[in-house]
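Undergrad: Shown below is the structure under consideration.
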Amino acid sequence: MAGTPLRVRWLGRVPYREALAVQQALFEHGEGQHLLLLEHDHVFTYGPRADLDTNLRCDPAAVGADFVAVKRGGDITYHGPGQLVGYPIVSLPNAKGSLEHVHGVEQLLIDALTELGVRDAGRLSEYPGVWVDAGGPDPRKIAAIGVRLARGRTMHGFALNVTSDMTYMREHIVACGIADRPVTSLSEEGIDVSMREVVDVVARLGAQRWSNGVSERQDVAWRHRHDDLTPFSRGEGPGRPVTFRPPRSHARLEQAGVTGGLSIETRKPDWLRPKVRLGPEVLQLRKTIRDLDLVTVCEDAGCPNLSECWSDGTATFMVLGERCTRACGFCLVDTRQPLGPDGGEPARVATAVDRMALDHVVLTMVARDDLPDGGMAFVAECVETIRARRPQARIETLISDAKGSLDSLATLFGARPDVLNHNVETVPRLQRAVRPSAGYARSLSVLAHAKAAGLTTKSSIMAGLGETDDEMIGALADLAGIGCDIVTIGHYLRPTSHHLPIARWVEPNEFGRWKQIGERLGIGHVEASPLTRSSYHAKQAAEQVTPVGVDV
């Protein structure tokens, strides 16, 4: 589409079901042009007409692979590490059927392979996909293609073997149902290129094909270390108490291109200094919280809006304790080994909500990777208990990613919170530096799953960590593309010298401009100012996108 940039995202290693959720959301809610580039964990996918009796030769679980049915053409295929998977979610209003789009994707890959040094890459008349030695005696399939085109918009895409483990395609399945032709990869063809080099070529050619060469690209970190993750995130249990290690976190920030930063002694601008007023309403709310032995993120995370929100008789309750199993570089929450869930907490929170006569309740949580479901059933119980005690209250939940478990998330979705909030926190490039136990694609998938469940969705981005203006706008476009209803943008404030530095002061007028851009992109409400936090003006934002009396 002329003038519309192709938003290219290198997302790293992403489980198939998470990427599928993001795809579907961009397909159903977005209007922009997107190209998602990534690798998957081992997975076999199959279309409605796949001949599994003939073409599946293994128990997928026994070879460490997921097994997923998809709505696309083609038989059974494989995705895994070393294979570049591309999902163009683009609008093609003049396309004459899906075959025309398939040929366009094939030509993109043929051009890319030719540029990378593959001789005689092309098509076979009898089979789809892209082949090496297409005009010779021994054609070998190097890329599979399966797409969906509906209402002039596309999803699914291609899988190009770069350094793939070919065992999965030669022994475990009949790849694409083609038994009489071999499969190959760039490495097997003697082409020594990195995944990044392949991505660079495909991204450029994709922009030429789908957006007249205009693109906006963002990459997550290309290198990850397993010990970047906390023990819980690595699946190793609690181990030693979680600790924040500033030298490593700062090194990750430098690797992302952010160096220097403001000293913690640097005086904040006046517009970044909250006005604290501890009036009687604040003191009464504090007493209620203390009497019921509850925790608020307002106090625990050092929120600059505490006095304003508490004076208005609102607060954000933090459930599941105050100890987090992750150690994000921006957060002040305690990271010692967590205690077990407190079974009486849902009732105490509901009592506080009733006693304070709240009309809008925000529940947040620490990440609980130590719990099988990430704590989602407990949050659902809190929602149900509050609703039974004060039915007229609107309930917003600000949750962790549950390590991407759809079953866990579905437990909370079933409780029907009025707003489902999950924060992407920062732009793709800075994800590993800012929150190494989370991920951009996973966060988008949480929001996409919630949207598909019919919930009002919300997310938040921090400014001042080293992101560029283009990256911020691109992240807003991603959130708009998956149908996110509410976004908050606030200035990062460094809690201690052990936390990530502030890269620069972001002026108030920049927040105002991002609000205008985000809402123009299609986000229902953007709350943006230096002192905005996830729950700031939560009631007003929810009312704007879901008026009182409207069921969600």
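The values are calculated or read from the model by the stated rules, or taken from the named source; none is laboratory data. These figures come from a predicted structure and were not determined experimentally. For neighbour counting, all protein chains shown are included, and Cβ atoms are generated from backbone atoms with ideal geometry for every residue, glycine included. Note: areas computed on protein heavy atoms with side chains; ligands, DNA, RNA excluded. Shrake-Rupley method; radii C 1.70, N 1.55, O 1.52, S 1.80 Å.
Undergrad: By how many nm would the segment from residue 138 to residue 151 grow when fully extended, if each residue of separation counts as 0.36 nm and the alpha-carbon distance is taken off?
TA: 0.8 nm
Undergrad: Next question. Any idea of residue 507's accessible area? Nearest 10 Å², probe 1.4 Å.
TA: 80 Å²
Undergrad: Further question on the same structure: Would you tally the net charge around residue 29, using a Cβ to Cβ cut-off of less than 11 Å, leaving residue 29 out, and scoring K and R as +1, D and E as -1?
TA: Around residue 29, the charge tally is -1.
Undergrad: Before rounding to the nearest 500, sum -39500 (n - 2.57) across all DSSP H runs of length at least 4 in the chain and divide by the residue total; then give [θ] at 222 nm in deg cm²/dmol.
TA: Using -39500 (n - 2.57) per qualifying helix, the result is -9500 deg cm²/dmol.
Undergrad: Hey, what did the chain get for relative contact order, percent, Cα under 8 Å, at least 6 apart?
TA: Relative contact order comes out at 14 percent.
Undergrad: What spacing in nm lies between the two simple spin-label points modelled at residue 214 and residue 126, each 7 Å away from Cα in the Cβ direction?
TA: For residue 214 paired with residue 126, the spin-label model returns 4.5 nm.
Undergrad: Would you mind counting up the charge near residue 376? Only other residues with Cβ under 11 Å from its Cβ, with Lys and Arg at +1 and Asp and Glu at -1.
TA: Overall, the nearby charge balance is -2.
Undergrad: Then there's this: Extending each Cα 7 Å along its Cβ direction at residue 504 and residue 339, get the distance between those two points in nm, one decimal.
TA: 4.5 nm
Undergrad: Out of the stretch 61-127, which GluC sites (Glu not before Pro) are coil in DSSP terms and have no more than 11 other C-beta atoms within 10 Å?
TA: Of the GluC sites (Glu not before Pro), the ones in loops of the stretch 61-127 whose Cβ has at most 11 other Cβ atoms within 10 Å are 126.
Undergrad: A follow-up question, please. With unit charges on the beta carbon (Lys/Arg positive, Asp/Glu negative), name the residue among 431, 490, 405 whose Cα is farthest towards the positive pole of the charge dipole of the stretch 398-491.
TA: 405
Undergrad: Ok, one more. Once the Cβ-Cβ distance between residue 497 and residue 288 is put in as r, and R0 is 30 Å, what FRET efficiency do you end up with, to the nearest 0.05?
TA: Working from the Cβ atoms, E equals 0.35.
Undergrad: Once you charge only the Cβ atoms, +1 for Lys and Arg and -1 for Asp and Glu, what is the size of the charge dipole of the chain about its Cα centre, to the nearest 20 debye?
TA: In total the dipole reaches around 1020 debye.
Undergrad: Considering only the other residues whose Cβ falls under 9 Å of the Cβ of residue 396, what net charge follows from Lys and Arg at +1 and Asp and Glu at -1?
TA: Charge balance in the 9 Å sphere: +2.
Undergrad: For an R0 of 45 angstrom, estimate the FRET efficiency from the Cβ-Cβ distance between residue 187 and residue 52 and round to the nearest 0.05.
TA: Given R0 = 45 Å and the Cβ-Cβ separation, E is 0.95.
Undergrad: Right, another one. Need one number: nm distance between label points at residue 265 and residue 62, each 7 Å from Cα along Cα→Cβ, rounded to one decimal.
TA: Spacing of the two 7 Å Cα→Cβ label points: 6.7 nm.
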